[in-house]
Structures are given as C-alpha cells and as structure tokens.
Amino acid sequence: MDTPEDRGRAPGGGAPDDQPVGTLRGAGVQVDAARVGRVALVLLLVVLVVVGAVLLVAGYRKNSQVEDLRSHGVPVQVTVDHCLGLMGGSGSNTAGYECTGTYTVHGTAYVEGLPGSTFHADGATVAGEVPSDDPGLLSTPSTVATSHTTVTLYLVGGALLLVAVAIVVWLALRHRRGRRPA
C-alpha cells in the first residue's frame, strides 16, 4: 500500500526528475516565467515613461527659467549673509564655497543661495538678477547673459518615451500576429 510520502517518488525511492528534491514543510514554489517576464516588461515600461516624463518636465522648466530671466530680469543687490567652505574628496582642502545672501524685491526680503562657488566676505554686496515675476529665482548677470534656451534638454527624455512607445507597438504587433488563425 502506498503512503502519502511514497506517492510521486521515482522508482527506487528518489524524487522524480521533474519534481523538486526537497520542500520546506510541504510548500513548493512554482514560477511562471512568462508572467515574471510580463511583469518585468511592464515595470520597465513604467520606469521609461516616468523617467522620460520627468526629464521632459525638467527641461521645460529649465528653458522656462532661462527665458524668464532673459525677458523679465531685474538687477538686485545681494548682501552676503555667510559662506561655508565645501570640502574636497579627502577633506583636506576646500573645493569651493556655498554662500547665502539677502536681497529685496518689491519690499519683500528673500534669502537665497548665491550661484557659483566663489567665496564672498560676510556683508559684501554682490550683483544679482531675478525675474520680476519670480523673485525667488536668483542668478548672476553673467550667467543670464550667456544662458540660452535649447532643445537638447528634451533629447534624453524624448528618447526614453520613444523607446517605451516602440516597445508597446512591438508588443501589440507581436500579440496581433499570435492571434491570427493559421
């Protein structure tokens, strides 16, 4: 008579070739490779779309800020509040400085980080430029003079979205071919 333990054994008492050698308290794991592949592909598509969209939005925002500074920029005098030294890789020398300053636009005081990594003494006055409609966006006159909008900011984000669309089209065509009657 067969006992439950004997069922499914290969002749000679060993495990059959297609069965796991051992199980943990009777629990077995079966993995559907096709389902795992589909889930991985969907996750890849989601990542491509999200990263592509974020990069496109960031590029648009950067171009918008450059255009805003160039068309609506007003000069401001920034009074340096303090500067902190940024340590280099080994920590033995400074790699630059991070300075904050205060300026006033339309009667409102703003405290912002100064662009660049140059040291400025506390209380020094530095020339700055802000858009009249967004006084929290501080830049330097030289940066505004050399900045231009560019379409290259959209290339990587657009390429990622195109790859995602190409994968979806490929999958749709592949799925459609698989459903055709023979």
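The values are calculated or read from the model by the stated rules, or taken from the named source; none is laboratory data. Keep in mind the model is a prediction, meaning the values are calculated, not measured. Neighbour counts are summed over all protein chains in view; Cβ atoms, including those assigned to glycine, are modelled from backbone coordinates with ideal geometry.
Odds and ends about this structure:
- The listed residue being modelled with pLDDT of 90 or more and either part of a loop (DSSP other than H, G, I, E, B) or in contact with a helix residue (DSSP H, G or I) (Cβ under 9 Å, 6 or more places away or on another chain) (or both), out of Leu162, Leu171: Leu162
- Where strands (runs of 3 or more DSSP E) fall wholly inside segment 82-142, the ranges with 2 or more residues that are farther than 25 Å from Val66 by Cβ are 94-105.
- Scanning segment 69-81 for residues that are surrounded by 13 or more Cβ atoms within 10 Å (Cβ to Cβ) and either without any contact (Cβ under 8 Å) to a residue 60 or more places away in the chain or charged (D, E, K, R) (or both) gives Arg70, Val74, Thr79, Val80, Asp81.
- Qualifying positions in segment 144-159 - assigned to a helix (DSSP H, G or I) and loosely packed, with under 10 Cβ neighbours inside 10 Å: Thr146, Val151, Thr152
- Those residues of segment 109-142 which are under 16 Å from Gly73 (Cα atoms), among the polar types (S, T, N, Q) and without any contact (Cβ under 8 Å) to a residue 60 or more places away in the chain, in sequence order: Thr140, Ser142
- Scoring Val151 on the criteria (1) touching a residue at least 12 places away in the same chain (Cβ under 8 Å); (2) within 24 Å of Arg61 (Cα to Cα) leaves a single failure, condition (1).
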